[in-house]
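Coordinate-derived values only; no laboratory data. Keep in mind that this is a model prediction, so the values were computed, not measured. Here the Cβ is made from the backbone with ideal geometry for all residues, glycine too, and neighbour counts use every protein chain on show.
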Amino acid sequence: SAKRDPSGSVVVFNPVMLSVRQMHSALAAELRQAIERNQLLLHHQPIVELATGALIGVEALVRWQHPLRGLLMPDEFIELAEEIGAMTDLTAWVLRTALAQVHQWRETLELDPRFTMRVNISATQLQRPELLDDVRHILATEDISASALVLELTESALVAGNEWDAYSFTGLRQLGVGLAVDDFGTGYSSISYLRTLPVDAVKLDRSLIGSPGDSAAQRPFIAAILQLVSACKLTATFEGVETREQAALLTDLGCESAQGYYFSRPVPAEQINADLLAQLGGTPWLVSDPVLSR
Ligand code: C2E
Ligand code: MG
Ligand code: MG
Ligand code: MG
């Protein structure tokens, strides 16, 4: 068959396009069943208080253990989940599983009293009025206090502008759940959001930290960003810290917390353990670092 592409010229049907589409719908059908088949899982990435090395939280990151395709990352199926209307179920599964995990860690690990579980909430979910009830219900079922949960909201979820009342913000805040702007510094970043959004924290995107080895040149830039965050009375978590030098620089500049491969990759729950806590608590990034001794 032939059809017209947007430019108006006739294109011959491309069998590669067909197979991509078939793959897409096969994956969609499988994704619908992934939850009940127990194929979703969470990896957890430590969030570290820079001054002390305390593990003050983890971010729950969803993966799909596909029977044939292996471990799929969120970039490979979150959009599809949105398309097929599976995000509400997926989000509820993530919240339930993540909070049940906190419960289990509390019994086996000496967690910092400030420890929070961070869960990503997509734009469509944030705009569902039922989100508030879902969160309240899951917190109660898992017996976790609201202050132990932080919802990470990407900026693209927030750009709709002044319709924030339509979101569950107020209710979630009244419930005592923490709210953070995710990936600040990408896409639609607007400094005015930082001042006006009813959030407590901001996660600074890894693109802001520059490439490893570049820390000295980045210093005034990162210092200015952190001042901005602090002027908005928000706490800062830097994402994408990959080197000791970057960790040392952020600590020196007073950034509260950070997350990145330098501290730990996202890992299965059992790897959040006493060894990891001890290792982070040793604050190796603060030991005789040239950045700090200048
Ligand atoms: P995000 O919320 O910004 O999560 C951080 C992403 O950066 C994760 O990718 C993490 O593995 C990666 N990362 C962490 N440290 C480093 C580092 O030092 N260097 C580099 N290069 N990357 C680092 P991941 O797990 O592939 O997740 C991608 C995105 O998928 C997340 O970005 C989040 O927006 C979304 N996502 C993940 N889980 C969920 C979920 O349960 N629900 C929703 N709605 N979105 C999710
Ligand atoms: Mg996030
Ligand atoms: Mg992020
Ligand atoms: Mg990011």
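Counting only DSSP H runs of at least 4 residues, each contributing -39500 (n - 2.57), and dividing by the residue count of the chain, the helix-based mean residue ellipticity at 222 nm comes to -11500 deg cm²/dmol. Which of rounded, prolate or oblate describes segment 68-208 when judged by the alpha-carbon gyration tensor and an a/c cut-off of 1.5? Rounded, because the longest to shortest axis ratio a/c is under 1.5. In the chain, the longest principal axis of the Cα atoms and the axis of helix 131-142 are about 60 degrees apart. Given segment 176-227 reduced to its alpha-carbon atoms as identical point scatterers, what log10 I(q)/I(0) does the Debye formula return at q = 0.20, 0.30 Å⁻¹? So the normalised log intensities work out to -0.76, -1.24.
Principal-axis analysis of the Cα atoms of the chain puts helix 15-34 at an angle of about 60° to the longest axis.
Taking a sphere under 14 Å around the Cβ of residue 143 and counting the other residues whose Cβ falls inside, with K and R at +1 and D and E at -1, yields a net charge of +1. Distances between placed amide hydrogens fall under 5 Å for residue 57 paired with 47, 116, all partners being 5 or more residues away or on another chain.
Label-to-label distance, residue 32 versus residue 279, with points set 7 angstrom from Cα along the beta-carbon direction: 4.2 nm.
In terms of packing, defined here as the mean over residues of other Cβ atoms within 10 angstrom, the peptides 115-125, 137-147 line up highest first as 115-125, 137-147. Against the main long axis of the alpha-carbon atoms of the chain, helix 215-231 sits at an angle near 90°. Using only side-chain charges placed at the Cβ, +1 for Lys and Arg and -1 for Asp and Glu, the dipole size of segment 193-294 relative to its Cα centre rounds to 300 debye. Every Cα-Cα pair of the chain was included, and the share exceeding 26 Å stands at 51 percent.
What residue among 242, 49, 30 has the largest mean-square fluctuation in a Gaussian network model of the chain, using Cα springs under 10 Å? Its mean-square fluctuation being the largest, the pick is 30.
Contact order, relative form, for segment 171-216: 42 percent (alpha carbon pairs under 8 Å, 6 or more residues apart, mean separation divided by residue count).
Each of 27, 234, 273 was placed along the dipole of the chain (beta-carbon charges, centred on the mean Cα), and the one lying farthest toward the positive end is 27.
For the chain, the Cβ-based charge dipole about the Cα centre amounts to some 400 debye (Lys, Arg positive; Asp, Glu negative; other atoms uncharged).
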